[in-house]
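Colleague: Please see the structure below; I have some questions.
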Amino acid sequence: MEEKNPVQELKDQLFSKKENIYAVADEEKCKTIFTYAEGYKAFLNLAKTERESVRCAIEAAKERGYSQYRLGEPLKAGGKYYYNNRNKNLYLFRIGTEDLQQHGMRILAAHIDSPRIDLKQIPLYEDSEMAFFKTHYYGGIKKYQWTALPLALHGVVVLRDGSTVDITVGERDEDPVFYINDLLPHLSQEQYTKPLSAAIPGEKLNILVGGIPVKDGGDNAIKLGVLKILHDLYGIVEDDFISAELSAVPAFKARDVGFDRAFIGAYGHDDRVCAYPAVTALLESVSDAHTVMAVLADKEEIGSDGSTGMQSMVFLDLINEIARAMGKNPAAVRAASKCLSADVNAAFDPNFADVYEKRNSAVISCGTTMSKYTGSRGKSSSNDADAEFVGFVSKLFRDHGVAFQTSELGKVDLGGGGTVAKFIASLNIDTVDLGVPVISMHAPYEVVSKADLYSTYEAFRAFIDG
């Protein structure tokens, strides 16, 4: 082996560097990365909404011996529990053997909602021999990206008799799909002059759902035909849309991207690409010392509000219940606790390099990325993690051989975004963001690296077991 000169050795010792995981991983490690990715892809295909994500996580937790917990029930050391909050927000937790007041909890907090197209409460109408659903988009989307795509309908409807029906249409090969019309190029001269944000107004994101009229149905015969199908299949009448949660999501499967299959393309990487490793890391962890919680939160894309968002008091209630069950002071437990806000960040994209500051951007396939602060412009609305906690997490990863990098979301005066970190930190819990770099974040089809996915799993395992 050729010896390095002293200057090169000094650089290796002192310089920070990012390495492509695939370039340094051996064959066995690459096989492990690809195998883990297959499980994640299967999860993505089953869990395109928060309800479906909760359902999948509960099934996996039950297989590992977790039992349902309800507020007020007794808890015991060594116990493994899940708390299901309205089928859209889940807390998995295992009570460890070490002193909870001295060591606190290790918390992984991801969100399972993604940008999508929701139906309005009175959605169905007919116009010009077509039936449509009126919609209200959810989260930060580029509206033009959602036209001319195959869409699937997911959700629940509470019927007038109080029963609930689950609906998933558009995922099986034999299912119909749905569609948002776009304007043909030949008639788009005026549309071309508008900025991207205005080219497709929100009120024009209407979903095409039918075109065959009921014979002799008179006015609204196509609408009547759609309602008849819904009634025959699910017992739905038009008033039942008022008590429905129905969303249109891309009818795409998760697929490998690239000749070498290094990447995964899918809907909903943000933030299920962090939720999946958070759950699997907890369920597969080997140490029972720490008290550990994995949070799958709803509503992050619209501010984390509501009863199932990260600002819900149920998070605090659960910590208090666990602390009191162990005979500990809840405030002291929170002060000793540590959290990884498991959320994605933007991967540097050379096609749009002008909006990134490359030195402080995440590079795809170089490992999970830590974001000391989020927010926008002057760190507005950010959790800015303290140096001591960042140092603790960094040392933990280095000690466990976890490939990681640091990043921020775009140039100072251009970028920015929010996560759940600030809401957890406000409870006096040390918190920092950590997650997978994503290409085309918030698009109907996003891209991540399998290597970064597995690196994030390794980081969560180190945090739980270390």
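Where a number appears in this text, it was derived from the coordinates with a stated rule and is not lab data. These numbers come from a predicted model, not from an experiment. Every residue, glycine as well, gets a Cβ built from its backbone with ideal geometry; the counts of neighbours run over all protein chains shown.
Colleague: Give, in nm to one decimal, the length gained when the segment between Asn45 and Asp161 is fully stretched (0.36 nm per residue of separation minus the Cα-Cα distance).
Modeller: Numbers: separation 116, 0.36 × 116 = 41.76 nm, distance 3.14 nm.
Length difference between fully extended and current span is 38.6 nm.
Colleague: Find, to one decimal place in angstroms, the Kirkwood hydrodynamic radius of region 392-462, where the mean of 1/r is taken over every pair of different Cα atoms and then inverted.
Modeller: Every distinct Cα pair counted, the radius reaches 14.1 Å.
Colleague: Mean separation of Cα pairs under 8 Å and 6+ residues apart, divided by the residue count of region 7-139: what relative contact order is that in percent?
Modeller: Contact order relative to length: 14 percent.
Colleague: If you project the alpha carbons of region 230-367 onto their three principal axes, what span does each projection cover, largest first, in Å?
Modeller: Over region 230-367, Cα extents along the principal axes are 55, 54, 32 Å.
Colleague: Using alpha carbon centroids, what distance separates region 90-138 and region 391-440, in Å?
Modeller: Going from one Cα centre to the other spans 21 Å.
Colleague: When the helix-only estimate is applied to the chain (DSSP H runs of n ≥ 4, each -39,500 (n - 2.57), divided by the residue count), what is the mean residue ellipticity at 222 nm, nearest 500 deg cm²/dmol? Present the calculation step by step, with values, prior to reporting the outcome.
Modeller: Details: 14 runs with 142 residues, N = 466.
So the helix-based figure for the chain works out to -9000 deg cm²/dmol.
Colleague: Please state the shape class of region 222-278: rounded when a/c is under 1.5, otherwise prolate if a/b exceeds b/c and oblate if not, all from the C-alpha gyration tensor.
Modeller: Verdict is prolate for region 222-278.
Colleague: Same structure, new question: Sort 103-110, 448-455, 332-339, 396-403 by the packing proxy (mean of other Cβ within 10 Å over each peptide's residues), most packed first.
Modeller: Ranked by mean Cβ neighbours within 10 Å, highest first: 448-455, 103-110, 332-339, 396-403.
Colleague: Considering only C-alpha atoms, what is the centroid distance from region 1-60 to region 286-340, in Å?
Modeller: The two parts, judged by their Cα centres, are 27 Å apart.
Colleague: Let me ask something else about it. With +1 assigned to the C-beta of every Lys and Arg and -1 to the C-beta of every Asp and Glu, and no other charges, what is the dipole magnitude of region 296-383 about the Cα centre in debye, to the nearest 20?
Modeller: 520 debye
Colleague: Here is a further query. Which chymotrypsin sites (Phe, Trp or Tyr not before Pro) does region 162-268 hold that lie in a coil by DSSP with at most 15 other beta carbons within 10 Å?
Modeller: Phe259
Colleague: Given Cβ point charges of +1 (Lys, Arg) and -1 (Asp, Glu) and nothing else, what value in debye, to the nearest 20, does the dipole of the chain about its Cα centre take?
Modeller: 740 debye
Colleague: Provide the per-residue ³J(HN,Hα) series for region 357-365, in order, calculated from phi with Karplus coefficients 6.51, -1.76, 1.60 and θ = phi - 60°, each as a whole number of Hz, with x at glycine and proline positions.
Modeller: Ordered by residue, 3J(HN,Hα) equals 9, 4, 4, 10, 10, 6, 9, 4, 6 Hz.
Colleague: On to the next question. So how do 285-295, 46-56, 374-384, 270-280 stack up, highest first, on mean other-Cβ count within 10 Å?
Modeller: 270-280, 46-56, 285-295, 374-384
Colleague: Looking at region 313-466, what % of its DSSP beta bridges pair antiparallel, to the nearest 5? Walk me through the numbers on the way to the answer.
Modeller: Values: 7 of 18 bridges.
So the antiparallel bridges amount to about 40 percent of the total.
Colleague: Within 10 Å of each candidate Cβ there may be at most 12 other Cβ atoms; applying that plus a DSSP loop requirement, which GluC sites (Glu not before Pro) in region 172-246 survive? Let's see the in-between values first.
Modeller: On the way: sites: Glu174, Glu190, Glu203, Glu238, Glu245; in loops: Glu174.
Those satisfying the criteria are Glu174.
Colleague: Working only with C-alpha atoms, what are the Rg and Dmax values of region 307-466, expressed in angstrom?
Modeller: 16.5, 56
Colleague: Counting alpha carbon pairs within less than 8 Å and at least 6 residues apart, what relative contact order, in whole percent, applies to region 156-236?
Modeller: The value is 21 percent.
Colleague: To one decimal place, what Kirkwood hydrodynamic radius in Å is obtained for region 359-420 from all pairs of distinct Cα atoms?
Modeller: 12.5 Å
Colleague: What full-extension length gain, to one decimal in nm, is calculated for Ala289 and Leu14 as 0.36 nm per residue of separation minus the Cα-Cα distance?
Modeller: Here the segment from Ala289 to Leu14 would lengthen by 95.5 nm.
Colleague: Tell me, what HN-Hα J-couplings in whole Hz come from the Karplus equation 6.51 cos²θ - 1.76 cosθ + 1.60 at θ = phi - 60° for each residue of region 417-424, using x for Gly and Pro?
Modeller: x, x, 9, 7, 4, 5, 6, 6
Colleague: Still on this structure, please answer the following. Translational D (Stokes-Einstein, µm²/s) of the chain at 25 °C and 0.890 mPa s when Rh comes from the Kirkwood sum over C-alpha pairs?
Modeller: Values: Rh = 23.8 Å.
Rounded, D is 103 µm²/s.
Colleague: Averaging sequence separations of C-alpha pairs under 8 Å and six or more residues apart, then dividing by the length of the chain, give the relative contact order as a whole percent. Intermediate values should be presented prior to the final figure.
Modeller: Working: 982 pairs, mean separation 99.1, N = 466.
Averaging sequence separation for qualifying contacts and normalising by length gives 21 percent for the chain.
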